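Structure first, then comments.
We did not get these values from a lab; they are worked out from the coordinates using the rules stated. Computed from a predicted structure; not experimentally measured. Using ideal geometry, Cβ is built from the backbone for each residue, glycine included, and neighbour counts are taken over all protein chains shown.
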Number of protein chains: 2
Amino acid sequence: MSKLVIVGTVAFDAIETPFGKTDKILGGAATFIGLAASQFHVDSAAVSVVGGDFPKKYLDLLEDKNIDISGIEIVKEGKTFFWSGLYHNDMNSRDTLATELNVLADFQPVVPENYKDAKVVMLGNLHPLTQLSVLEQMNEKPKLVVLDTMNFWMDNALQDLHKVMKKIDVITINDEEARQLTGEYSLVVAARKIHEMGPQYVVIKKGEHGALLFHDDNVFYAPALPLEEVFDPTGAGDTFAGGFAGYLAKTEDLSFENMKNAVIYGSTLASFCVEKFGTERMVNLENEEVHKRLQEFKALTQFEIELT
Amino acid sequence: MSKLVIVGTVAFDAIETPFGKTDKILGGAATFIGLAASQFHVDSAAVSVVGGDFPKKYLDLLEDKNIDISGIEIVKEGKTFFWSGLYHNDMNSRDTLATELNVLADFQPVVPENYKDAKVVMLGNLHPLTQLSVLEQMNEKPKLVVLDTMNFWMDNALQDLHKVMKKIDVITINDEEARQLTGEYSLVVAARKIHEMGPQYVVIKKGEHGALLFHDDNVFYAPALPLEEVFDPTGAGDTFAGGFAGYLAKTEDLSFENMKNAVIYGSTLASFCVEKFGTERMVNLENEEVHKRLQEFKALTQFEIELT
């Protein structure tokens, strides 16, 4: 079992979907990643920042999940990062209604001293230079660095993104972003080009169509569990990444075969995340439920063909 | 091994893709279905119609693949059905440039006498009443009837489509069509509604995102093989259906477990179809190549998770 350092936002989200809307609730990449990784009982620390308006009960909740919060700076006079979004009927597209950076604008991540030897680092979606700063604070190169990013940084900080991409092992990115980053429509070709930019492993997330893992000539395809209804997609990508990194931190096996399992765990946890608003489902998720759903994933994808 | 009756178009296609364009080449649903099913060496018959302009070499080609052509009517004074399409850069959308029904306009399918006892019938995309007419000619209800259809019939012959849907076991349909037919966005809910319309098994084709097989509470998800480039998608859906039906005709096992294998075979064969223009790849496909690609499908989707 390796220590896991998670960097990302801890935030307020306000979400509107065809099923309803929320006030400001707990959100943020580091939150979703941490909750997903907590399923594996790894020793993890969140590196983030919140304002004086951030309720103690949310910090307590993270601590209850065995997430070290000493790396979450509290800026008393500041306000917590806030995001608000409206999902359309198909749940695959959304409008951002508000993005208030607040304390995130001046965020300087500080890795707690006793996590600088962590073997696994999960760089949640943030400015590439913030992600890089976390890596530079580690005592030595971690065994595994996973990076999540989004099109916003391709539009606004592409050079910096390329800089951090040279220092990581795995990138998780969605299909449209992979196409934007490479100018290639074929995801096979896009993955190869991204590989040449640094990361040995490329995970392309396709939402309801699942996720692809690429490494050299190997490809693995994990479908998303077909769901009757997606209630709220917020945090699904972070939950996927947290499940992926958490599983690898727990197992310490970085073979391609084991990475497949990490993708399956990520997909499984993400399938829970979308069932309720925000973090609600993840906070109350039992180990037994995860096992049951892993069995569903097996039934969904496994087959026995006799080659004749 | 069961006899297989295939009904569908035998046609001329003219195709334009970002990679090039063709003159009039061999196409049609029954052609692609028959070529795919021929991989299993089943005793199959194509029921279709062509005009006097249809080259004998194409009929010979079908016969060489052990497809009985006595059910392909030749209307000497007529012209063969012609379709022309232009694929856009993403290969997921296309414009139909021409559809000339010609001899298809008055097509009355006639099932050859010695195939009226066939246990498996594959109803390729055609007017629902034409599909129904084939079923009515069978000596008794076949063990398995697979139907392929498209949005055109939902727009123009919905009542007739519902009529034939009550007589079939499996429907293959794409995701947008499933949504159109049911008014449901969730494919899980859509599949349940389609099930209530007749077919016990519902296969939803998602193009580059693979295919889903639904039966009662069981779901199986076969991804599409991620390809560097899709050269020409024409016939991929028919090839999928032909692989599916051909495998089931060969194995005569209609269990859900074996239907999974049929979906994998269908996906495997479709992954070849798109590599070249029209039928070119399928005509020259070797059994060995299919086996190799099935292994790739296994590597792509199979995993071993120890539940701890």
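Quick notes
- Largest mean-square fluctuation among A:LYS56, A:LYS79, A:LYS205, in a Gaussian network model of chain A whose springs join Cα atoms under 10 Å apart, belongs to A:LYS56.
- With 5 Å bins beginning at zero, the pair-distance distribution over Cα atoms of the range A:247-294 amounts to 5, 21, 25, 22, 16, 8, 3 %.
- The string of couplings for the range B:260-266 from the Karplus curve (6.51, -1.76, 1.60, θ = phi - 60°) is 4, 4, 4, 5, 5, 4, x Hz, one whole number per residue in order, with x for Gly and Pro.
- 5 angstrom amide H check on B:ASN92, placed H, neighbours 5+ away: none
- Remark: the protein assembly as shown carries a charge dipole of roughly 120 debye about the Cα centre, counting +1 on each Lys and Arg Cβ and -1 on each Asp and Glu Cβ.
- Summed over all non-identical Cα pairs, the Kirkwood treatment of the range B:155-308 gives a radius of 16.4 Å.
- Here is how the number arises for chain A: DSSP H runs of 4 or more residues each give -39500 (n - 2.57), the sum is divided by the residue count, and the result at 222 nm is -11000 deg cm²/dmol.
- Size descriptor, Kirkwood hydrodynamic radius, that averages inverse alpha-carbon separations across the protein assembly as shown, Å: 25.9 Å
- For chain A, built as a Gaussian network whose Cα springs stay under 10 Å, the top-fluctuating residue of A:GLU289, A:GLU252, A:GLU73: A:GLU289
- When Rg and the Kirkwood radius Rh are both evaluated on Cα atoms of the range B:4-301, their ratio Rg/Rh stands at 0.93.
- Under 26 Å from A:LYS166, Cα to Cα: lysines that are on another chain or at least 8 residues apart: A:LYS3, A:LYS116, A:LYS119, A:LYS141, A:LYS143, A:LYS193, A:LYS205, A:LYS206, A:LYS250, A:LYS260
- All-pairs Cα distance distribution in the range A:48-122, expressed in whole percent, bin size 5 Å: 3, 13, 17, 18, 17, 15, 10, 5, 1, 0
- Sequence-separation-based contact order of the range A:245-308, relative, with Cα cut under 8 Å and 6+ spacing, percent: 25 percent
- Listed by chain and number, the lysines placed with their C-alpha closer than 25 angstrom to that of A:LYS79 are A:LYS21, A:LYS24, A:LYS56, A:LYS57, A:LYS65; residues fewer than eight positions away on the same chain are left out.
- Vicinal HN-Hα couplings computed from phi for the range B:155-161 (Karplus, 6.51 cos²θ - 1.76 cosθ + 1.60; Hz; Gly/Pro x): 6, 10, 8, 4, 4, 5, 4
- Residue among B:SER93, B:SER84, B:SER70 with the largest mean-square fluctuation in a Gaussian network model of chain B, springs linking Cα atoms under 10 Å: B:SER93
- Each Cα pair under 8 Å and six or more residues apart adds its separation to the average, and for the range B:72-148 the resulting relative contact order is 25 percent.
- Relative contact order %, chain B, counting alpha carbon pairs below 8 Å whose residues are six or more apart: 18 percent
- Charge dipole of the protein assembly as shown about the Cα centre (unit charges at C-beta), most positive-ward option of B:SER38, B:GLY8, B:ALA178: B:SER38
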